[in-house]
Amino acid sequence: MAHCGDSVLFDSGGAPLSTTALNLFRERHGDLREGYGLTETASLTHFDTEGSERSIGTVGGPMPNVKVRFTHKQSTTRLELSSPNAGRRLLVSGEVMPPGDWLNTGDNAIIDQEGRLRILGRSDDARIQGLWPRDTLDAIGPILGSRCALVQHPSESSVQISLLSDLSVDEQGRLLKAVSNIFCTDRLNVAVRGRTSIIASRKLARQPMSDGQQES
């Protein structure tokens, strides 16, 4: 793929990408920025309109009339959205929920001082020594380059790294060392899996409703 010049803008909806991958793509091909939305539920809610060094690693600010709030549970910051472009929830009974209610995204996130949204990990990820999968991904970015990876923190003592491509023994060793360095310990259980599915779509996790029904 040739460099496309300054007139082409690329939008990635696969947040988070490592900052290494973003910089590599910008250097070799063109201006790549991250956006955010819920594939099954809502169209674009955030986009990095700034495209600066300070905004890299975020999905930017909200689209018009999009609202954000967080629920806090066990030191996590779970992202909820209200968007005029969100789909309406359908219950198992067939009842359609009213428009304008809040959507539980299933993501952990924060808002930076400039109002940009930063995706940290999924709702079932644990923070390890104050760090999230987002931080682990950036730490191993120089080794991964432009390759895709899914980083998960299943517990406070476990890290899983899944890739679409196979890894050499040397690359696996470098990944293990990079994770040990970021957490300053070799006592973590770190699993590196090459050539595997990295799709972990749990955006529509079923939740019990107040009347005992469930979302579909």
So, by mean Cβ neighbours within 10 angstrom, what's the order for 89-96, 143-150 with the highest one leading?
143-150, 89-96
Segment R174-Q113, length gained on full extension (0.36 nm per residue, minus Cα span)
18.6 nm
Gap separating the Cα centres of region 153-188 and region 55-95, nearest whole Å:
30 Å
Cβ crowding within 10 Å averaged over residues, with 188-194, 79-85 ranked highest first:
79-85, 188-194
Calculate the radius of gyration of the Cα atoms of region 9-122 to one decimal place, then report Dmax, the largest Cα-Cα distance, as a whole number, both in Å.
15.1, 51
To make sure I understand, if each residue's beta carbon is the centre and we count other beta carbons within 10 Å, what order do D107, D11 fall in, fewest to most?
D11, D107
Kindly state, to the nearest 0.05, the FRET efficiency for D124 paired with R28, given R0 = 35 Å and r defined as their beta-carbon distance.
0.50
Protection proxy ranking of 181-187, 13-19 - average other beta-carbon atoms within 10 Å, highest first:
13-19, 181-187
Gained length - T196 relative to T39, 0.36 nm times residue gap less alpha-carbon distance
54.4 nm
Please give the direction-averaged projected area of the C-alpha convex hull for the chain, in square nanometres with one decimal.
13.7 nm²
Sorted by Cβ neighbour density within 10 Å, fewest at the top, the residues R88, R26
R88, R26
Nearest-0.05 FRET efficiency for M97 and R54, computed from C-beta distance (R0 30 Å):
0.20
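Read the figures in this text as sums done on the coordinates, not as results from a lab. Please read all numbers here as calculations on a predicted model, not as lab measurements. Note: ideal-geometry Cβ built from the backbone for every residue, glycine included; neighbour counts use all protein chains shown.
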